[in-house]
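Taking it in order: structure first as structure tokens, then the write-up.
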Amino acid sequence: MALKPVKVTISDHEPVVATLVTAGVGLAVMIEDEALVYREAGQAAVWDKVVGTVDLNFIYDRRRAKEAVIGAAVDTVKTVWAD
């Protein structure tokens, strides 16, 4: 029997995620360094076992593809995420 959450909230705003977790009303996938800060402060428990991976995506408006700032961001992501 699989466990299923009663309510699901999706947020990419770390303070919202952290507030739910530290209030004891949520579980979250967080950046490890951020999660460890909450654990060290005694505000959250961190499960240290890796059970999978999370795919990351970089999304931008194609209409802005020729803008220098977008091109720089795309180039940086390609460099950082290179195989």
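Only the coordinates and a few stated rules stand behind these numbers; no lab work does. Small disclaimer: the values here were computed from a predicted structure and weren't measured. Cβ atoms come from the backbone with ideal geometry, glycine included; neighbour counts cover every protein chain shown.
Please give the helices (runs of 4 or more DSSP H) falling wholly within the chain in which 2 or more residues are of a type outside the set (Val, Ile, Thr) and touching a residue at least 12 places away in the same chain (Cβ under 8 Å).
In the chain, the matching helices (runs of 4 or more DSSP H) lie at 14-22, 32-40.
Here is a list: Val37, Val29, Val17. Which entry is among the aliphatic types (A, V, I, L, M), under 22 Å from Val80 (Cα atoms) and within 17 Å of the chain's Cα centre (by Cα)?
Sole residue among the options that is among the aliphatic types (A, V, I, L, M), under 22 Å from Val80 (Cα atoms) and within 17 Å of the chain's Cα centre (by Cα): Val29.
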